[in-house]
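The values are calculated or read from the model by the stated rules, or taken from the named source; none is laboratory data. The model shown is predicted, which means the values in this text are computed figures rather than measured ones. Neighbour counts are summed over all protein chains in view; Cβ atoms, including those assigned to glycine, are modelled from backbone coordinates with ideal geometry. Keep in mind that these areas ignore ligands, DNA and RNA; they rest on the heavy atoms of the full protein, side chains included. Shrake-Rupley method; radii C 1.70, N 1.55, O 1.52, S 1.80 Å.
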Amino acid sequence: MAKTELSKSTFIRAVQCLKSVYLNKNRPFLRDHLEASQLNKFERGHEIGYLAWKLFPNGIDCSPKYPGAYAKAAAKTAELILGGAKILYEAVFEYDGIRVLPDIIVLENGEINMYEVKGSLNVSPTYILDAALQYYVLNGAGFTPSHTFILHVNKNYVYPGGEIRPEDFFVFDDITSEVIQQQEFIKFKIPEAKAAVNANKSPEVAIGPHCYLPYPCDFRGLCWKSVPEDSPLYLNSIDLQSRFRLASEGFTSISQIPLEGNDNKLLKMEIEARISGKPKYQSSELQKIFYSAKQQVYLKILFIENAIPRLAGTRPFEPLPIAWMALKEDGKFIEGKFSNPYGTFFEIAQQLQYFLDKQDLLIFWGKTTDCYLHQLDFDFPILNLENVYQSESLYLPFYLDEKTPENIATKLGILNGELAVMNDEEAIRAWSGESAKGKYNSEEIQNHLKKHLFLLRELYLYVTRLIEQDTNSLS
Ligand code: SF4
């Protein structure tokens, strides 16, 4: 048996970037810190996988129990198939120095059907590619699949409560012809990927849109470290391709980009803000939004978005609040209560209206809360602060990979020790007991909410100070 050089994940990595696959194998310690949101995605895969097994009950779990047991597991897989096994979970196949573990294999009437399970609503080109690699290996190992399917989440599924019926939850997509079409590409890419993994030094690959597509690469910290802060590659107001186009046209600094005749208003604002080092804003517009209310009430909702719904009547990935809190201008907190571990936006809206006055302005951050409050015809003035920080009314003088309240506050110097917050994904991991920091109890969740509310208030006050400065300078 040839030495195993590639797995499904290393192959997909190699298709994205040969340097990335080299670094991953030979310099893994240079990897960036993995975001909690990415970790959540990986973990979600296991839960979905076990649910899919129920569609094909009484199968044999072939997954190796420890990292060194792959060769044994591959031998066991072959033995089970030859011995007439009907259903195998995570069976191990090796061919041409590549090892794959298809989620489910069903052997029936002389046919082999392969099922890949995905915790998403759609089939992406990357899913086809990884199924195509599995097909290549199984075919080479003498177990050619007759059909290849992707099992993914049914977007029309509504959880009725009780035990989830996998036959309702999943959708089958037959991708047999697509994986066969991909075989030439797979054969072409394998030698390249192997050469990169086994190279003595890192392949020369320039940074490009591939650093983010299809997945944000976890070596950006290394490869992008010499990109100067004022490079056009760090512009928030235009997409990735446009940034690289500017760089390829020879612009090395945003100060070189001509503003005259440029009708992209946001880009102009961003460049002006970045060059001057000061926020660019339209105080008359901000004033209209900010001074429409007597007093401000800040709202923070912490919610999960699971592929597998937890509450009867909800859909996959439907946001489910797990806690909420509001902060009034007088410093008093309103602590939300749910009768179940999971609540609804409707419950929050109902509870909130007892505390709000018609003149209050309810301030929060994020499209999800915005969308639900609108859907519920919430009868109070609301302000999604995210819209203000992303609008033509205000542009801050720095680049951010993600415009989250925490990132903005850090750059503005607001996020000091007392206000230091973890992001929501980390808090949710802690709440569900998946964090290395230990399981969060309800008091710790309340503290998380409180800190976010203070942060929200600071971000609101930051804008009001800008308006006041402007008004003062005019008077
Ligand atoms: S950051 Fe970009 S160039 Fe560097 S390894 Fe990742 S994808 Fe390749």
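Contact map, the range 219-232: first residue farther than 18 Å from ARG274 by Cβ, second residue more than 7 Å from the ligand (Cβ to nearest atom), Cβ cut-off under 7 Å, separation 6 or more or different chains; pairs are PHE219/LEU30; PHE219/ARG31; PHE219/ASP32; ARG220/ASP32; GLY221/ASP32; LEU222/LEU30. Reported count of residues in the range 159-179, each being open to solvent by less than 60 Å² (accessible area, probe 1.4 Å), in contact with a helix residue (DSSP H, G or I) (Cβ under 8 Å, 6 or more places away or on another chain) and under 16 Å from LEU133 (Cα atoms), is 2.
Results for (1) closer than 30 Å to ASN387 by Cβ; (2) more than 16 Å from the ligand (Cβ to nearest atom); (3) touching a strand residue (DSSP E or B) at 6+ places or on another chain (Cβ under 7 Å); (4) not hydrophobic (A, V, I, L, M, F, W, C), shown as yes or no for each residue.
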position	(1), (2), (3), (4)
TYR157	no, yes, no, yes
ASP173	no, yes, yes, yes
PHE188	no, yes, no, no
LYS201	no, no, no, yes
LEU213	yes, no, no, no
ARG243	yes, no, no, yes
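Filter the range 145-158 for residues that are open to solvent by 20 Å² or more (accessible area, probe 1.4 Å) and of a type in the set (Phe, Trp, Tyr) and give the result.
Within the range 145-158, PHE149 is the sole residue that qualifies.
Under 6 Å between Cβ atoms, at least 6 apart or on separate chains: pull out the pairs that start in the range 377-390 with a residue that is modelled with pLDDT of 90 or more and end on any residue that is open to solvent by 30 Å² or more (accessible area, probe 1.4 Å) and assigned to a loop (DSSP other than H, G, I, E, B). Partner pairs satisfying both residue conditions: LEU385/TRP365; GLU386/TRP365.
When residues in the range 210-254 are screened for being outside any loop (DSSP other than H, G, I, E, B) and surrounded by fewer than 12 Cβ atoms within 10 Å (Cβ to Cβ), 2 of them pass. Applying the set (1) closer than 18 Å to ILE48 by Cα; (2) modelled with pLDDT under 95; (3) polar (S, T, N, Q) to ASN156 leaves exactly one unmet item: (2). For the range 173-203, taking the residues that are hydrophobic (A, V, I, L, M, F, W, C) and not in a helix (DSSP H, G or I), the one that is farthest from the chain's Cα centre (by Cα) is identified as ALA199. What is the one condition in (1) more than 30 Å from ASN264 (Cβ to Cβ); (2) within 27 Å of the chain's Cα centre (by Cα); (3) away from the ligand (no atom under 14 Å from the Cβ) that PHE219 does not satisfy? (3) is the only condition that PHE219 fails. Remark: GLU270 matches the filter, which requires a residue to be over 27 Å from LEU18 (Cα atoms) and open to solvent by less than 30 Å² (accessible area, probe 1.4 Å).
Residue-wise test of (1) in contact (Cβ under 8 Å) with a residue 24 or more places away in the chain; (2) β-branched (Val, Ile, Thr).
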| site | (1), (2) |
| --- | --- |
| GLU318 | no, no |
| ILE322 | yes, yes |
| MET325 | yes, no |
| LYS328 | yes, no |
| GLY331 | no, no |
| LYS337 | no, no |
| GLY343 | no, no |
| PHE346 | yes, no |
| GLN353 | yes, no |
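From the list LEU80, LEU88, LEU101, the one residue that fits, being more than 29 Å from the chain's Cα centre (by Cα) and either open to solvent by 20 Å² or more (accessible area, probe 1.4 Å) or of a type in the set (Gly, Ala, Ser) (or both), is LEU80. Scanning the range 320-350 for residues that are within 15 Å of LYS450 (Cα to Cα) and assigned to a strand (DSSP E or B) yields ILE322, ALA323, TRP324, MET325, ALA326, LEU327, LYS328, PHE333, ILE334, GLU335. Given the structure, is SER248 away from the ligand (no atom under 15 Å from the Cβ) and under 25 Å from the mean Cα position of the chain (by Cα)? In short, no. The one condition from (1) open to solvent by 50 Å² or more (accessible area, probe 1.4 Å); (2) under 27 Å from PRO160 (Cβ atoms) that TYR354 does not meet is (2).
Of all the residues that make up the range 394-410, how many are among the acidic types (Asp, Glu) and under 20 Å from ASP239 (Cβ atoms)?
Going through the range 394-410 one residue at a time, the tally reaches 2.
Any residue that is modelled with pLDDT of 90 or more, open to solvent by less than 50 Å² (accessible area, probe 1.4 Å) and in the same structural domain as GLY110 (by TED's automatic domain parsing) - is there at least one of those in the range 35-47? No, the conditions are met nowhere in the range 35-47.
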